[in-house]
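Student: The structure that follows is given in the form of structure tokens.
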Amino acid sequence: MNASADTARITARDARPGAATRTAAASCAPVALALCACASPASAHLVQSGVGPFYDGAAHLFLSPEDLVVVLALALLAGLYGRDVARRLVLTLPVAWLAGMVLGSRMPGPSDAAWLPIASLAVGLLVAIHPKLASILPAVLAAAIGLAHGFYNGRAITETSTSPTAGAGIVSAVAVCSLLIGALATAMDRPWQRIAIRALGSWAAAFSLLVLAWAYRPTPPASTAPAAESPMTSGE
């Protein structure tokens, strides 16, 4: 009798929507980050989809881990702090990204973008820790990060002689992604859902740390082994 009751309680607990959602999120997060790790670097080139420069730019965001992860992390961060903060992000991030691309296409600057994951590392840690922040701070972070990432996207567009329409595709993808993820994070107001968002932030931070470690890994020293002597030389 007791065993049957325990079995029924376990079955009812596992059948709850929350349990299924938590299981799906936990299993999908590593897969999603692994797919990001296999994507092309953000600043190396622009994706050629074959369907036009606008769609090349839109696809570039989703195939560039340095760009995609920071947009997702910013949207999650804004969603944690409410609708007003999320609305500011949706307005600030695409505009800053566009301004950065304009600057990058017209101004000289550093070509090394390996440091960009520092931004997603910092934002991911903020999502995971969820400290008390001023409501304007996520928008300020979005403006600074959007300028930096947009700058390197603008440099890539200029260096590859890509149509400026690709920039419009990138900005549109940033706006849509930040809008959808921010709205989803805002709607997830249950305690376990907030914990899931913070867990995703920790995944973003861990991913960014791995990318940084790989980018700044020490180069192995050149081999200094002496050349092998030929039999004739050794015989002499």
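The values are calculated or read from the model by the stated rules, or taken from the named source; none is laboratory data. As the structure is a computational prediction, the values presented were derived from the model and not from experiment. Cβ: placed from backbone, ideal geometry, glycine included. Neighbour counts: every protein chain shown.
Student: Can you give me the number of residues within segment 120-143 that are among the small types (G, A, S), surrounded by 14 or more Cβ atoms within 10 Å (Cβ to Cβ) and either over 19 Å from F207 (Cα atoms) or touching a Lys or Arg at 6+ places or on another chain (Cβ under 7 Å) (or both)? Walk me through it before giving the result.
Tutor: At the first step, the residues of segment 120-143 found to be among the small types (G, A, S) are 120, 122, 124, 128, 134-135, 139, 142-143.
Right, trim to surrounded by 14 or more Cβ atoms within 10 Å (Cβ to Cβ) and you get 120, 122, 124, 128, 139, 142-143.
Cutting the leftovers down to either over 19 Å from F207 (Cα atoms) or touching a Lys or Arg at 6+ places or on another chain (Cβ under 7 Å) (or both) gives us 128, 139, 142-143.
Total meeting the criteria: 4.
Student: Among residues belonging to segment 164-186 that are within 20 Å of A96 (Cα to Cα) and of a type outside the set (A, V, I, L, M, F, W, C), point out the one that is surrounded by the most Cβ atoms within 10 Å (Cβ to Cβ).
Tutor: G182
Student: Return the residues of segment 130-154 that are free of Cβ contacts under 8 Å to residues at least 24 places away in the same chain and β-branched (V, I, T); say none if nothing qualifies.
Tutor: Filtering segment 130-154 down to residues free of Cβ contacts under 8 Å to residues at least 24 places away in the same chain leaves 131-132, 134, 137, 140.
V140, the sole residue that qualifies.
Student: Another question about this same structure. Counting only residues that are over 22 Å from L103 (Cα atoms) and of a type in the set (F, W, Y), how many does segment 132-151 have? Lay out the reasoning, then the answer.
Tutor: First, the residues of segment 132-151 that are over 22 Å from L103 (Cα atoms): 132-138.
Checking the rest, the ones that are also of a type in the set (F, W, Y) come to none.
Residues flagged as over 22 Å from L103 (Cα atoms) and of a type in the set (F, W, Y) within segment 132-151 amount to 0.
Student: Looking at segment 139-157, is at least one residue at negative phi and not in a helix (DSSP H, G or I)?
Tutor: The first filter runs over segment 139-157 and keeps only residues at negative phi, leaving 139-157.
The next check asks that each one be not in a helix (DSSP H, G or I); those that pass are none.
No.
Student: Sticking with this structure for a sec: Residue pairs, Cβ under 6 Å, 6 or more apart or interchain, first in segment 54-80 and outside any helix (DSSP H, G or I), second surrounded by fewer than 23 Cβ atoms within 10 Å (Cβ to Cβ). List them.
Tutor: Hits for this filter: L63/A39; L63/S40; L63/V47.
Student: Considering only residues of segment 161-204 that are of a type in the set (S, T, Y) and assigned to a helix (DSSP H, G or I), which is farthest from S120 (Cα to Cα)? Break it down stepwise before answering.
Tutor: If we filter segment 161-204 for residues that are of a type in the set (S, T, Y), which is where we start, we get 161-163, 165, 172, 178, 186, 202.
In the following step, the residues that additionally are assigned to a helix (DSSP H, G or I) were identified as 165, 172, 178, 186, 202.
Values: T165: 26, S172: 20, S178: 14, T186: 20, S202: 10 Å.
Among those that are of a type in the set (S, T, Y) and assigned to a helix (DSSP H, G or I), it is T165.
Student: Same structure again: Take the residues in segment 199-217 that are touching a residue at least 40 places away in the same chain (Cβ under 8 Å) and surrounded by fewer than 18 Cβ atoms within 10 Å (Cβ to Cβ), then tell me which one is farthest from the chain's Cα centre (by Cα).
Tutor: Quick first cut of segment 199-217, residues touching a residue at least 40 places away in the same chain (Cβ under 8 Å) only: 199-212, 215-216.
So of that shortlist, the ones also surrounded by fewer than 18 Cβ atoms within 10 Å (Cβ to Cβ) come out as 199, 202, 206, 209-210, 212, 215-216.
Working: A199: 15, S202: 12, A206: 11, L209: 12, L210: 12, L212: 13, A215: 16, Y216: 18 Å.
That would be Y216.
Student: May I ask you to verify whether V211 is at pLDDT 95 or above and either touching a strand residue (DSSP E or B) at 6+ places or on another chain (Cβ under 8 Å) or among the β-branched types (V, I, T) (or both)? Spell out how you get there, then give the answer.
Tutor: On the way: at pLDDT 95 or above: no; either touching a strand residue (DSSP E or B) at 6+ places or on another chain (Cβ under 8 Å) or among the β-branched types (V, I, T) (or both): yes.
Here the answer is no, as V211 does not meet what is asked.
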